Amino acid sequence: MNETSDLSERILAYLQWLSAYLPGFAHACLIALQIAFATILLSWLCGLVGALAKTSSYRLLRWPAEFYIWFMRGTPTLIQIFIVYFGLPQMGMRLSPFVAGVIALGLSSGAYVAEIVRAGLKAIPRGQFESAQALGMSYSQTMRDIILPQVTRIIVPALTNEAINTLKNTSLLSTITVVELTLYTQTLIAATFKPFDFYIVAALLYLLMTTLLSWFANWFEKRNAFYH
Amino acid sequence: MQQQPSTHAPLLDLHQLRKSFGSHEVLKGVSLQVTAGEVIAIIGASGSGKSTSAALCESVGNVPDSGTLQFQGKAVDYHPRRLSWRRAAQLRNLRSQIGMVFQNYNLWPHKTVLENVIEAPLKVKHQPRAHALERGKELLASIGLADKQNSYPSRLSGGQQQRVAIVRALAMEPKLMLFDEVTSALDPELVGEVLDLMRALAERGMTMLVVTHEIGFARHVSTRTVFIDQGEIAEQGPSGQLLSAPANERTRQFLRRVLHNNTASSDLAL
């Protein structure tokens with residue numbers, strides 16, 4: 001009897017001690033989410049442009065897109081972050097850590113999104129494109145109204161995967177002084193010498209954010225599955 | 001080299017169209033004149049080039065390697081491979097005046113039946129929404145599918161989908177309709193409703209180019225039948241005459257093969 005009440009008292013005291021750090025963690029999560037949100041938007045833009053350029057019949061569009069995807073997929077994201085944050089100032093371009101991080105992560109993820117979108121485009125039967133063209137619709141009308149709405153539905157699972165990766169990759173920005181969840185955790189550990197406790201907390205918080213993200217994606221996928 | 005528009009010019013004039021895919025020459029110089037009001041059936045074995053001829057009329061997906069194409073007396077200025085903005089606009093204009101219906105219907109699955117029908121009138125012809133909606137509903141009512149206007153295509157039978165596809169093309173008020181084996185993908189019991197609609201269109205004076213396996217349709221509805229064999233027009237003439245007494249030995253052989261297989265079904269459908 002005595003032992004169990006003693007144990008629950010100790011757990012209570014532990015949680016109380018931990019809860020003092022929660023506002024700080026919440027703020028760090030918010031920063032991570034902000035980076036992820038901006039990065040995902042940028043990666044979708046890069047991915048869409050990249051995929052359309054790579055499937056274009058014009059070599060002048062195709063070649064740069066192929067180079068972009070080849071380079072970004074073939075080099076480590078961390079090196080890309082360093083090039084943008086440490087390298088560009090040497091060329092006279094000084095960016096804030098936040099902006100440099102979003103650009104590097106967005107361009108990096110954009111290459112993968114481009115391949116996802118390209119696969120989605122290939123999955124649409126040719127007849128969908130031809131029937132729109134046969135009615136006199138232009139390339140951009142055909143893409144916007146007929147092809148891309150269908151592509152979006154197909155690629156939601158793959159895009160979700162990539163968005164989860166992006167969210168986790170925001171931790172890489174701890175190396176360029178962005179105080180997101182990982183760097184915040186590290187500074188806390190430096191002050192308290194409790195690496196086990198705080199890394200577990202950080203891991204659980206990343207898990208919470210990625211879970212919410214995939215729930216949202218599932219909801220979106222279901223909402224758009226009505227016509228089949 | 002552009003010819004002046006003239007009232008005597010045929011609606012569509014194909015001259016020596018050639019098309020190769022890789023080393024395979026699909027069309028070896030096809031010439032065909034279509035006069036307004038004609039219903040032309042194009043028959044031939046699969047792989048003979050008959051579908052390619054139809055697709056080239058709209059230059060959808062492909063443009064001819066050589067040859068000229070005139071619509072309403074005006075030459076269509078396509079250039080193999082490279083299309084400038086001006087040529088692209090001209091092609092869009094051509095396509096908006098020629099309706100095309102495909103073997104696999106190609107309705108857009110993410111749009112309702114009515115949205116499928118009004119899309120091009122809204123986006124290409126820039127019709128006011130209210131007008132396009134009214135016209136779209138009328139057209140759907142005319143084929144007995146008014147109650148399906150808010151359904152998605154996947155809820156419709158193949159025959160219903162194909163009739164919607166025809167109506168979608170008609171909504172653009174085309175001067176010529178191309179039908180590319182539009183009943184080939186249908187279950188036999190659904191062929192009749194599509195052919196009935198096509199016959200009704202022919203009776204209302206629509207100019208039609210019909211690539212088909214349905215010899216019954218060619219015989220009873222088309223005014224002229226063209227037999228394409230190995231990328232060339234082997235024989236053409238008034239449908240009744242060509243189909244009952246073909247002059248060309250290859251036409252005779254083809255008809256014997258086809259009629260042996262499906263006279264019963266296609267004649268019953270009409």
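Computed from the coordinates by the stated procedures, all read-outs in this text should not be read as laboratory data. Note that the structure is a prediction, hence the values are computed from the model and not measured. Cβ atoms come from the backbone with ideal geometry, glycine included; neighbour counts cover every protein chain shown.
Key figures for this structure:
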item	result
Expected 222 nm ellipticity per residue - DSSP helices of 4 or more, -39500 (n - 2.57), all of the protein assembly as shown, to 500	-18500 deg cm²/dmol
Per-pair calculated FRET efficiency, R0 = 30 Å: A:SER96 and A:ASP197 via Cβ, rounded to 0.05	0.45
Tilt relative to chain A, helix A:22-54 - C-alpha long axis, 0 to 90 degrees, to 10	10 degrees
Around B:VAL26: net Lys/Arg minus Asp/Glu count, Cβ-Cβ under 13 Å	0
Residue mean of other protein chain beta carbons inside 10 Å, B:101-109	5
Positive-end extreme of charge dipole, chain B - chosen from B:VAL39, B:PHE102, B:LEU122 (charges on Cβ)	B:LEU122
Chain A: C-alpha gyration tensor shape, a/c 1.5 cut-off, then a/b vs b/c	oblate
Extension gain, B:THR35 back to B:HIS260 (0.36 nm per residue minus Cα-Cα distance, nm)	77.8 nm
Within 10 Å of each Cβ in A:123-132, the average number of Cβ atoms from other chains	5
Semi-axes of the equivalent ellipsoid for the protein assembly as shown, Cα gyration tensor, largest first, Å	61, 27, 19
DSSP-defined antiparallel bridges as percent of all bridges, the stretch B:118-270, nearest 5	60 percent
Cross-link pairs B:LYS19/B:LYS50; A:LYS222/B:LYS111; B:LYS28/B:LYS50; A:LYS122/B:LYS19 - those with Cα-Cα distance over 21 Å	A:LYS122/B:LYS19
Over chain B, relative contact order from alpha-carbon pairs under 8 Å, at least 6 apart, %	25 percent
Dipole magnitude of the protein assembly as shown, debye to nearest 20 (Cβ charges: Lys/Arg +1, Asp/Glu -1, about Cα centre)	1140 debye
Anchor B:LYS74: lysines whose Cα lies under 19 Å away (excluding residues fewer than 8 positions away in-chain)	B:LYS175
B:ALA75-A:LEU212 FRET efficiency (beta carbon distance; Förster radius 45 Å; 0.05 resolution)	0.15
Beta bridge orientation in the protein assembly as shown: antiparallel %, DSSP, nearest 5	55 percent
Förster radius 60 Å - calculated FRET efficiency between A:ARG62 and B:LYS175, Cβ distance, rounded to 0.05	0.95
Ordering of B:231-237, A:198-204 by burial proxy (mean other Cβ atoms within 10 Å per residue, highest first)	B:231-237, A:198-204
Fewest-first ranking of A:SER19, B:SER31, using other Cβ atoms within 10 Å as the exposure measure	A:SER19, B:SER31
Positive-pole candidate from B:TYR152, B:HIS213, B:LEU195, dipole of the stretch B:146-214, charges at beta carbon	B:TYR152
